[in-house]
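Shown next, in structure tokens, is the structure this report addresses.
The values are calculated or read from the model by the stated rules, or taken from the named source; none is laboratory data. Quick caveat: nothing in here was measured; it's all calculated off a predicted structure. Neighbour counts are summed over all protein chains in view; Cβ atoms, including those assigned to glycine, are modelled from backbone coordinates with ideal geometry. Each accessible area value is taken on the protein alone, full model and side chains, heavy atoms only, with ligands, DNA and RNA left out. Shrake-Rupley method; radii C 1.70, N 1.55, O 1.52, S 1.80 Å.
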Amino acid sequence: MKKFILAAASVAAFALVGPATAQSPIVIKFSHVVAPNTPKGQGADKFKELAEKYTNGKVKVEVYPNSQLYKDKEEVEALQLGAVQMLAPSLAKFGPLGVKEFEVFDLPFILPDKAALGRVTKGPIGQSLLAKLEPKGIKGLAYWDNGFKIMSSNKPMHKVADFQGLKMRIQSSKVLEAEMRALGAIPQVLAFSEVYQAMQTGVVDGNENTPSNCYTQKMHEVQKHMTISNHGYIGYAVIVNKKFWDGLPADVRPQVEKAMAEATEFANSISQKENDDAIVAMKKAGTTTFYELTPAEKAEWVKALEPVTQDMASRVGKDLIAAFQKEANAKTN
């Protein structure tokens, strides 16, 4: 795969220096791994629409959803090599890249609500995290929201003991590995595009994800039970190849930035509704039983998962976790 990415990057580089560059539109290949009708998918399409409009066709955005170009583990390397220009990977993806601080978003029950999320991502913590990507050849442009996660499997998951021995799919994240082990489950790192088949064939028993991701990937067809736990969060950072971004003409970049700002506002405004609608649609399908944790059950989950935050302090950063929790739990006037 690395050879393929290198070959694609060489073709992309040749295209940028060809004789028709001055007359040709600047192409931004925007690759992502989810369906077009998810919050991220709709955000990418909105960015395409606005970027092409505001630059009067000087920029052409090609959106590739559903892992058409690259799977989870491949896409960031493809961006660094210039095979694609833009991605919106989940925040968990930056841990394996070496920017482990982003895994603070994966910590269980660290975000009480969406208002807390906005305080963190729009404030100094969120911006300082994006800045840590630049030494990797990556420019962070925005945070896009998806939502809080639910648990799914083919058996009910009410109490912590219900997870014992379950093979649960996770993204590649040391925090999420520790989370599943704390619940007694067996974490299985798997590409997002492979999850449905893995559930169908029994390679994994379940997963944690947002309702919109579960619905658009038809996971409710192969999962009998879903627990609305809101135990964790999935969000994305829209990132671009830094060399490409720095090379954009001075009359183009401000228009692309404007398009990104408006696409971000759009994507973040629809995420809650998309998740709510996904739960309604999955309930209507009748193949999955939904369960909401009681206060006592949630307290048991919180207690079981508390050691994860303590154990991950040395990896993610004790001071960062403390600052994150302080900002997340701050009362707005």
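Looking at (1) assigned to a strand (DSSP E or B); (2) crowded, with 22+ Cβ neighbours inside 10 Å, which is the only condition Gln188 fails?
For Gln188, the exception is condition (2).
Restricting to segment 301-324, what's the tally of residues that are buried (at least 18 other Cβ atoms within 10 Å of the Cβ) and under 22 Å from Thr210 (Cβ atoms)?
Adding up the residues that qualify gives 8.
Report the residue count in segment 175-193 for those that are without any contact (Cβ under 8 Å) to a residue 12 or more places away in the chain and within 20 Å of Thr216 (Cβ to Cβ).
0
Starting from segment 288-300, take each residue that is surrounded by 12 or more Cβ atoms within 10 Å (Cβ to Cβ) and list its partners that are among the basic types (Lys, Arg), counting only C-beta distances under 7 angstrom and pairs at least six apart or across chains.
Thr288/Lys224; Thr289/Lys224; Phe290/Lys283; Glu297/Lys159; Glu300/Lys159
How many residues are open to solvent by 10 Å² or more (accessible area, probe 1.4 Å) and in contact with a helix residue (DSSP H, G or I) (Cβ under 6 Å, 6 or more places away or on another chain) if we restrict to segment 201-217?
The total comes to 2.
What number of residues in segment 75-98 are within 16 Å of the chain's Cα centre (by Cα), at pLDDT below 95 and in a loop (DSSP other than H, G, I, E, B)?
Qualifying residue count for the region: 4.
Any residue that is basic (Lys, Arg), surrounded by 19 or more Cβ atoms within 10 Å (Cβ to Cβ) and under 16 Å from Tyr236 (Cα atoms) - is there at least one of those in segment 100-107?
Scanning segment 100-107, I find at least one residue that is basic (Lys, Arg), surrounded by 19 or more Cβ atoms within 10 Å (Cβ to Cβ) and under 16 Å from Tyr236 (Cα atoms), so the answer is yes.
Would you check if there is a residue in segment 150-160 being in a loop (DSSP other than H, G, I, E, B) and crowded, with 23+ Cβ neighbours inside 10 Å?
Within segment 150-160, one or more residues are in a loop (DSSP other than H, G, I, E, B) and crowded, with 23+ Cβ neighbours inside 10 Å.
Among the numbered conditions (1) surrounded by fewer than 15 Cβ atoms within 10 Å (Cβ to Cβ); (2) modelled with pLDDT of 90 or more; (3) in a helix (DSSP H, G or I), tell me where Ala7 comes up short.
With respect to (1) surrounded by fewer than 15 Cβ atoms within 10 Å (Cβ to Cβ); (2) modelled with pLDDT of 90 or more; (3) in a helix (DSSP H, G or I), Ala7 is out only on (2).
Which of the residues spanning segment 108-126 are in a helix (DSSP H, G or I) and either touching a residue at least 40 places away in the same chain (Cβ under 8 Å) or among the β-branched types (Val, Ile, Thr) (or both)? If you could, list the steps in order and put the result at the bottom.
Our first condition is that a residue be in a helix (DSSP H, G or I); within segment 108-126, this holds for 114-122, 124-126.
Selection gives Lys114, Ala115, Ala116, Leu117, Arg119, Val120, Thr121, Ile125.
Given the structure, is Ala281 of a type in the set (A, V, I, L, M, F, W, C), surrounded by fewer than 16 Cβ atoms within 10 Å (Cβ to Cβ) and part of a loop (DSSP other than H, G, I, E, B)? Give the derivation first.
Values: of a type in the set (A, V, I, L, M, F, W, C): yes; surrounded by fewer than 16 Cβ atoms within 10 Å (Cβ to Cβ): yes; part of a loop (DSSP other than H, G, I, E, B): no.
Judged against the criteria, Ala281 is not a match.
Say we look at segment 218-244 and pick out the residues that are hydrophobic (A, V, I, L, M, F, W, C) and under 17 Å from Ile279 (Cα atoms); which of these is surrounded by the fewest Cβ atoms within 10 Å (Cβ to Cβ)?
Among those residues, the one meeting the criterion is Ile228.
Identify all residues within segment 64-96 that are open to solvent by 10 Å² or more (accessible area, probe 1.4 Å), of a type outside the set (A, V, I, L, M, F, W, C) and farther than 18 Å from Gly41 by Cβ; write none if there are none.
Lys73, Glu74, Glu77, Gln80, Gly82, Pro96
I need every pair where a residue in segment 145-157 that is without any contact (Cβ under 8 Å) to a residue 60 or more places away in the chain has its Cβ under 7 Å from the Cβ of a residue that is aliphatic (A, V, I, L, M) and surrounded by 24 or more Cβ atoms within 10 Å (Cβ to Cβ), sequence separation at least 6 or different chains.
none
Does any residue of segment 138-149 turn out to be in contact with a Leu (Cβ under 8 Å, 6 or more places away or on another chain), part of a strand (DSSP E or B), crowded, with 23+ Cβ neighbours inside 10 Å and among the acidic types (Asp, Glu)?
Yes, segment 138-149 contains a residue that is in contact with a Leu (Cβ under 8 Å, 6 or more places away or on another chain), part of a strand (DSSP E or B), crowded, with 23+ Cβ neighbours inside 10 Å and among the acidic types (Asp, Glu).
Kindly evaluate Val27 against the criterion of being modelled with pLDDT of 95 or more, open to solvent by less than 10 Å² (accessible area, probe 1.4 Å) and farther than 16 Å from Asn268 by Cα.
no
Do we have any residue at all in segment 241-264 that's assigned to a strand (DSSP E or B) and either in contact (Cβ under 8 Å) with a residue 12 or more places away in the chain or in contact with a Gly (Cβ under 6 Å, 6 or more places away or on another chain) (or both)? Reasoning before the result, please.
As a first pass, look at segment 241-264 and keep what is assigned to a strand (DSSP E or B): 241.
Filter once more, so that each one left must be either in contact (Cβ under 8 Å) with a residue 12 or more places away in the chain or in contact with a Gly (Cβ under 6 Å, 6 or more places away or on another chain) (or both): 241.
Yes - at least one qualifying residue is present in segment 241-264.
Is one or more of the residues making up segment 315-332 under 23 Å from the mean Cα position of the chain (by Cα) and over 30 Å from Gln127 (Cβ atoms)?
Scanning segment 315-332 turns up no residue that is under 23 Å from the mean Cα position of the chain (by Cα) and over 30 Å from Gln127 (Cβ atoms).
Within segment 246-277, track down each residue that is open to solvent by 30 Å² or more (accessible area, probe 1.4 Å) and touching a Ser or Thr at 6+ places or on another chain (Cβ under 7 Å).
Within segment 246-277, Gln255, Glu274 qualify.
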